[in-house]
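Working notes for the structure below.
Every read-out reported here was derived from the displayed coordinates using simple, explicitly stated rules and does not represent laboratory data. Keep in mind the model is a prediction, meaning the values are calculated, not measured. Every residue, glycine among them, receives a Cβ derived from its backbone with ideal geometry; neighbour counts consider all protein chains shown.
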Amino acid sequence: MIDHDVVIVGGGLAGCRAALEICRLAPDLTIALIAKTHPIRSHSVAAQGGIAATLKNVDDQDSWESHAFDTVKGSDFLADQDAVAILTQEAPDVVIDLEHLGVLFSRLEDGRIAQRPFGGHSHNRTCYAADKTGHAILHELYCNLLKYGVNFYEEWYVLRLILEDQQAKGVVLYHIETGEIAVIRARAVMFATGGYGRVFNTTSNDFASTGDGLAMTALAGLPLEDMEFVQFHPTGLYPAGVLISEAVRGEGAYLVNAVGNRFMVNYAPSRMELAPRDIVSRAITTEIRQGRGIHLDGSGGGPFVHLDLRHMGREKIMSRVPFCWEEAHRLAGVDAVVEPIPVRPTGHYSMGGIPVTTSGQVRLNQDQVVTGFFAAGETACVSVHGANRLGSNSLLECVVYGRRTGAAIAQDVRQRKFPQINYSRYVQEAQEQIQQLLDQPGTLRIAELRNQVQDCMTDHCGVFRTAELLTEGVNQLESLQQQYGNIRLDDHSKVWNSELIEALELRSLLVVATVILSSALNRQESRGAHYREDYPQRDDQRFLQHTFASYSPTGMDIRYVPVTINLFEPEERRY
Ligand SMILES: Cc1cc2nc3c(=O)[nH]c(=O)nc-3n(C[C@H](O)[C@H](O)[C@H](O)COP(=O)(O)OP(=O)(O)OC[C@H]3O[C@@H](n4cnc5c(N)ncnc54)[C@H](O)[C@@H]3O)c2cc1C
């Protein structure tokens, strides 16, 4: 058994920022930072458009209150307003701190950090490094952690959380390179395992975004919060689904349908292309459904709309959004300087997650927390995004709440000794789990089952939902769950068995998909990204509440928990 004071699972922005804070505040603590990828290949590295903070470098009328209001309105009033106040008040400080760490932000003429407009934000407050912001931040954080001597477990797959008597005691992990199984015992465990975009068949997320941390939490018997709120980003490149950043619309690009109209005028006349993502995604989907989508030969009735940058001119495109130009060119053969880019909504972000307090401590229910267990970043739900996240607020959440969670852990571990763990029991269980997967005489390929799960979710739990569709989805998923015992692995080796990892990830997808579908079926209203055609209105009377959904193979238990409203009274959401 290996001992570390703190175990952090996840090497993206949230995990790295938490680790940095612990290093700064409590250099005597030993930290294990585990990632199934190399840390700098975490999905955070792909973040493009930027990070919001009211630095007022471009717009001196901006304020944290305005940022907070935009965030709460964007969330369709489901965000917890105490958490949003912290997010927006601490934003300038964390961004300046990143700059001091060495992050290469894009600059104004006078040398200050540049800021651009972004969807749903009423002021120009998004700081950026061209359209490679996540890359710039993650690399600097990682380099700083190397300096502090953090223990990295790169390409180790965490199999389970060790939770006994509502206390987190460590994790069981599998070394992808060698097949070795290990148990790390810790005085505090933190999950920063990112999102679950791969639950859908079209997504902007990397292959590793399979919701493992969410699934491990659910399988440990703990609830997940607001999982029905899935963000579909309006501009996924057709057909691959990779992201064309909102920065492109922030810099002035238009959305145009088959008859050449900038259709956003019919959906959000005051914000047009820079309305929040839930609204723009519904608008695009409606245009496509009503026959005003476009085919690749340019004719109408097709599966995408156009993102038109041509009026921006070559120089602006190449200096402000060069990576998006390159993506469209490389993946769709489109030169965005002279042609519009084909786009449609793509699965992008998880508003829900592991419920946490504003100190990052995992919540068991409305009043209780889980001893020694913390979470931050996309896998957590604090909840600053409520029913719909605004662009450039997620990197911010990772950094603000990563820092706060790190600070809370640095204090919390002092109160606790290393817990007792039955080490051999956990090793044996993990060995059996893996051996069973390697040995089972199935007939189904992993990719076949995974595709069916992803199609099931895309078809039944997408931008528009109904009870009928969702119920069909739940039933279909149940029979897919049963197929899991029937998958066959061709690779039986211990060394770099990527098929085995895919099988483990598929289990995560199945658990997470079940929680999303059930939470969505239960919420009989439309709010933010969750749109029920059979309940098209927001229903504050019944559903101005957070979903807490607990998983068990025999059925879901769904409860509701109050929203914190201490700044802005809910009102109708118009743009
Ligand atoms: C293409 C794209 C562009 C985006 N652009 C922006 C933007 O401009 N602005 C913005 O605010 N947000 C943006 N977002 C969202 C934002 O990037 C993410 O929400 C955020 O980076 C998530 O960071 P994280 O630290 O929570 O998780 P991630 O960066 O996803 O990291 C997860 C980590 O957990 C590890 N892990 C997971 N499961 C296991 C396991 N079983 N065992 C071991 N390790 C595990 C992974 O290896 C990884 O290191 C974008 C997202 C995408 C997909």
- Task: With N denoting the number of residues in the chain, provide Rg(C-alpha) divided by 2.2 N^0.38 Å, to two decimal places.
- Result: 0.92
- Query: So for the range 423-539, Kirkwood radius off the Cα pairs, Stokes-Einstein at 25 °C and 0.890 mPa s: how many µm² s⁻¹?
  - Reply: 154 µm²/s
- Residue span residue 565 to residue 425: 0.36 nm per residue of separation minus Cα-Cα distance leaves a gain in nm of 45.9 nm
- Taking R0 as 25 Å, what's the FRET efficiency between residue 270 and residue 533 from their Cβ-Cβ distance, rounded to 0.05? 0.50
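Arranged from highest to lowest average of other beta-carbon atoms within 10 Å per residue, in what order do the peptides 10-17, 178-185, 150-157 appear?
Peptide ranking by packing, descending: 10-17, 150-157, 178-185.
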- Task: Report, in whole Å, the centroid distance computed from the Cα atoms of the range 106-183 and the range 258-290.
- Result: 33 Å
- Note on the structure: Phi-derived 3J(HN,Hα) across the range 159-172 with the Karplus relation (6.51, -1.76, 1.60, θ = phi - 60°), rounded Hz, x for Gly and Pro, is 8, 7, 8, 8, 10, 9, 6, 6, 10, 7, 10, x, 9, 9
- For the range 1-145, what is the percent of antiparallel DSSP beta bridges, rounded to the nearest 5? 55 percent
- For residue 464 and residue 335, FRET efficiency with R0 = 45 Å and r from the beta-carbon atoms, rounded to 0.05? 0.85
- Query: Can you list the lysines whose alpha carbon is less than 26 Å from that of residue 132, not counting same-chain residues fewer than 8 positions off?
  - Reply: 36, 56, 147, 316
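Which net charge results for the neighbourhood of residue 529, defined as the other residues with beta-carbon distances under 13 angstrom from its beta-carbon, given Lys and Arg at +1 and Asp and Glu at -1?
Its environment carries a net charge of +4.
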- How much length is gained if the chain between residue 417 and residue 109 is pulled fully straight, taking 0.36 nm per residue apart and subtracting their Cα-Cα distance, in nm to one decimal? 105.6 nm
- Message: As a test, work out the antiparallel percent of DSSP beta bridges whose residues both lie in the chain, rounded to the nearest 5.
- Response: 65 percent
- Message: What whole-number distance in Å separates the alpha-carbon centres of the range 378-415 and the range 46-62?
- Response: 19 Å
- Ranked by how many other beta carbons lie within 10 Å on average, peptides 296-308, 355-367 from highest: 355-367, 296-308
- Query: Where does the charge balance sit around residue 352 when Lys and Arg score +1, Asp and Glu -1, over other residues with C-beta under 12 Å from its C-beta?
  - Reply: -2
- Note on the structure: Counting Lys and Arg as +1 and Asp and Glu as -1 over every other residue whose Cβ sits under 9 Å from the Cβ of residue 419, the net charge comes to +4
- For the range 233-345, just the Cα set please: Rg and Dmax, both in angstrom. 12.7, 36
- Query: What length, rounded to one decimal in nm, is gained on full extension from residue 240 through to residue 65, with 0.36 nm per residue of separation minus their alpha-carbon distance?
  - Reply: 59.2 nm
- By average C-beta atoms within 10 angstrom, highest first, the peptides 72-80, 374-382, 95-103: 374-382, 72-80, 95-103
